[in-house]
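The values are calculated or read from the model by the stated rules, or taken from the named source; none is laboratory data. Because the structure is predicted, anything quoted here is derived from the model rather than measured. Cβ atoms come from the backbone with ideal geometry, glycine included; neighbour counts cover every protein chain shown.
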Amino acid sequence: MKQTLRNPAVYALFIIPTLALYCLFFIYPMITSSYYAFTDWNGLDNYKFIGLKNFADVFSDPDFRSAIVNNIIFILFAVFVQVPLIIIMAILIGSVKRLQGFYKTTVFIPSILSTAVIGILWGFIYHPEIGPLNTFLRLFGIENIYWLADEKWAMPAVLFVNAWQWMGFYIVIVLASILALPKELNEAAAIDGATGFQRAIYITVPLIKPIISVIMMLSIAGAMRVVDIVLVMTKGGPVGATEVMASYLVKEAMGVNPNYGLGTAISLIIFAFALILTALYQMSFGRSEKGDVS
Amino acid sequence: MKKVLTLVLMLVVAASTVLAACGSDNKGNNGNATNQPGNTDAPATTAPTAEPEKVEPFSVSLRHIQIGESTKFRKAILDDVVKKTEDEIPGLTFELDGLEDQVNRFTKLPAEMAAGRPPIVFDLFGGAGDALKYAAAGRLLDLTPILEELGLSDRFLNLGQFTLDGKVYGLPIGGNTEGFYYNEVLFEKYGLKEPTTWEELELAAETLKSNGITPFAMGSKGAWVPLMLVNTLIGRYAGPEAIDGFPAGTQAWNAPEVVNALTKYEEWIKKGYFTKGELGYEYADMLNDFVSGKAGMMFDGSWRSSVFKDQEQAGELTGKVGFFAMPAVPGGKGDQTFVNGNYSNGYGFSAKANENELKAIKAFIKNLYNDEMQLRGLLEDGVLPSIKLSDEAIAKVDDRISTKVMNILGASGGAFSHYDSTVPSEVYSESESQIHKLIAGKATSQEVADALQKVQETANSRPAE
């Protein structure tokens, strides 16, 4: 038996069924559908091969270029605002003695709500006339802000709701890793006279770096394919102010003028972007942080 | 040697596992097909015809867009038609599937059409971007023989948007025109009368504006809402022929007369005549804006008229709303007495309907498209009939807006349709994003016109398929 397991062919035998299923349900559909990216298929009429025209069309459309910029804003917001806030919140919740379960549940609730519910909920909160937010701001004499209808405000409004929806989920993950840290380290530092802030910066954060690296990557990947919250809140509007690549895809592929060929091309572009970004991240920050810990 | 033997054994085991899985699959298929192995489709289609006497219960999917309060009258008519049809055809049950209009028209139905599996009966719009496109792709049932059998062939007022190569592929439920609704209470308060000329209309708007009332309620999150007004402005400034002229190549979008229409719209935007923050409001919000008295006028279709005789929806405004067509514009081209008129929304049927479903379709058409239901639609819902009604039937109409709408149509020189039914989808799609840019001040009327002309030219230069 030992002899058998040394034979690479045996290993191949074990993985072939899995590989076959993987190819059948993932690789094969992906390759066959990729073909449509090079056609003008609209779902109804006969289609023909048009080469790279779809890709050229997409990149020459200023609306798509602004969608890419919006995706980048989503990523930057996730990395530089969301992730630090997640860590701060997790450390704060990790250090409270009483009602920790209550805080944990409270921050987690938004991520179990369906995005459609969140869209309606925040649509009401942001309502210019009757929404609680503007009602509150009016107390200070601030004029009605058209949160979702004003190009200036729509993007921040959607970013905030997206963060509100997902931060709790990540906070719970980070919190779990904080609570799993050996208590002795923090206690020893406290005895040495380190303040809570110093302990957080010099002990907790370095120790949870691997998990931070993971949530960082998940946030980037999530920001690349964000679409549901945009569709339920603004449908990419006003005038493309909140349009992201995926919502542009939905509009082009399944909108007023369905063009599945173009849609497939856009999805390939999103896939390529996500692949490149996560690879870049892994090669730079992801690796060095893992190295630190080991 | 032993190694090879083990390897072979493992291969056999693995292969037999895989094959066993396939084998049980085949067995399953054979079990279903009994005498026709390998052809699972055949029994499904032959089974019902084999024993026609026995009543087999069957269901027919029906997609409608009558959801929500403002379409409740229309829904009641549909429910009665469904019930009557179910009573007539033994074994039939309709599976009603209510969906929001835009979701059905622009998302779900196109996807179903692409997959070749639309519902058997479904809400359908006429014109180049909808019915005619699906008909050309062979997705829609040819209704010509059914209409002949039911004696309905010559009764429809206008089947133009559903007719391809002389065959009818859909039936409009009614007709409509788009015009201005106005709040009579507010008009009286500010000493305004129903505008009959362009100057009076703009004076009314200016007066309302200066009194802190929004002149025109607008919810332009869905671009089709502002485009209704744009379309009628084009019909006025560029003439009724312009709408058909775009796809024919005889009318350029960036010709001065069309740009004039867009410029007028732009001017109204700049003057703040529309609801503030309109880009964030839906079609339904526009009605709220108008009913609550925040806005004095609203450009909408005659299909909305039933709201204003329903206390529950219109509240204090019940019966205090007037309707007028867009007045002639100074310097407008063509016949200024034409009105916007559409026979575009109705029902289509799947080309894949089987024998039973065809029976259901026939009965559904018979029960929905008849004098009684058409008159009911007119009286209860304010929807103009799509089939010719007798004078005495028409005389029963007592609703003010419906009467006014019929008078407007009667006095008009003719009707022009909405360009969304004449131009290719990509042009309409472009007009949706361009109108948002115009509203947000990110494009001028000239830029909008140039962009549309560019897409139209590309579409017109494409060889017909």
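Residues checked against (1) under 29 Å from B:L109 (Cβ atoms); (2) within 11 Å of another protein chain (Cβ to nearest Cβ); (3) free of Cβ contacts under 8 Å to residues at least 40 places away in the same chain:
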residue: A:F14; (1), (2), (3): no, yes, yes
residue: A:T18; (1), (2), (3): no, no, yes
residue: A:L21; (1), (2), (3): no, yes, yes
residue: A:I27; (1), (2), (3): no, no, yes
residue: A:S33; (1), (2), (3): yes, no, no
residue: A:T39; (1), (2), (3): yes, no, no
residue: A:G43; (1), (2), (3): yes, yes, no
residue: A:N46; (1), (2), (3): yes, yes, yes
Exercise. Any idea which of B:S445, B:S429 is among the polar types (S, T, N, Q), in contact with a helix residue (DSSP H, G or I) (Cβ under 7 Å, 6 or more places away or on another chain) and either in contact (Cβ under 8 Å) with a residue 12 or more places away in the chain or over 20 Å from B:F180 (Cα atoms) (or both)?
Worked result: B:S445
For this session: Taking B:A443 as meeting all but one of (1) within 25 Å of the chain's Cα centre (by Cα); (2) farther than 20 Å from B:G346 by Cα, write down the number of the exception.
Result: (1)
For this session: Filter the helices (runs of 4 or more DSSP H) completely within region B:97-170 down to those with at least 1 residues that are of a type outside the set (S, T, Y), more than 14 Å from every other protein chain (Cβ to nearest Cβ) and in contact with a strand residue (DSSP E or B) (Cβ under 7 Å, 6 or more places away or on another chain).
Result: B:144-150
Exercise. Does any residue of region A:147-164 turn out to be in contact with a Ser or Thr (Cβ under 9 Å, 6 or more places away or on another chain) and in a loop (DSSP other than H, G, I, E, B)?
Worked result: yes
Exercise. Within region A:89-110, is even one residue in a helix (DSSP H, G or I), within 13 Å of chain B (Cβ to nearest Cβ) and more than 15 Å from the chain's Cα centre (by Cα)?
Worked result: no
Exercise. More than 14 Å from every other protein chain (Cβ to nearest Cβ) and at pLDDT below 95: does that describe B:G245?
Worked result: yes
Exercise. Which ones in region B:337-363 are under 30 Å from B:E199 (Cα atoms), crowded, with 19+ Cβ neighbours inside 10 Å and not small (G, A, S)?
Worked result: B:F338, B:V339, B:N340, B:N342
Exercise. Of the residues in region A:1-51, how many are closer than 23 Å to A:G255 by Cβ, polar (S, T, N, Q) and within 33 Å of the chain's Cα centre (by Cα)?
Worked result: 4
For this session: Need at least 3 residues that are under 30 Å from B:Y134 (Cα atoms) per element, so show me which helices (runs of 4 or more DSSP H) inside region A:193-294 make the cut, counting only ones lying wholly within it.
Result: A:228-233, A:245-254, A:260-281
Exercise. So is A:S247 of a type in the set (S, T, N, Q), more than 29 Å from B:Y281 (Cα to Cα) and buried (at least 18 other Cβ atoms within 10 Å of the Cβ) or not?
Worked result: no
Exercise. Among the residues of region B:436-454, which ones are at the interface with chain A (Cβ under 10 Å from one of its Cβ atoms) and part of a helix (DSSP H, G or I)?
Worked result: B:H436, B:K437, B:L438, B:I439, B:A440
Seminar exercise, completed: Result of the Cβ filter at 9 Å on region B:337-354, keeping first residues that are farther than 23 Å from B:S417 by Cβ and partners that are at pLDDT 90 or above and of a type in the set (S, T, N, Q), at least 6 apart or interchain, is B:S350/B:S61
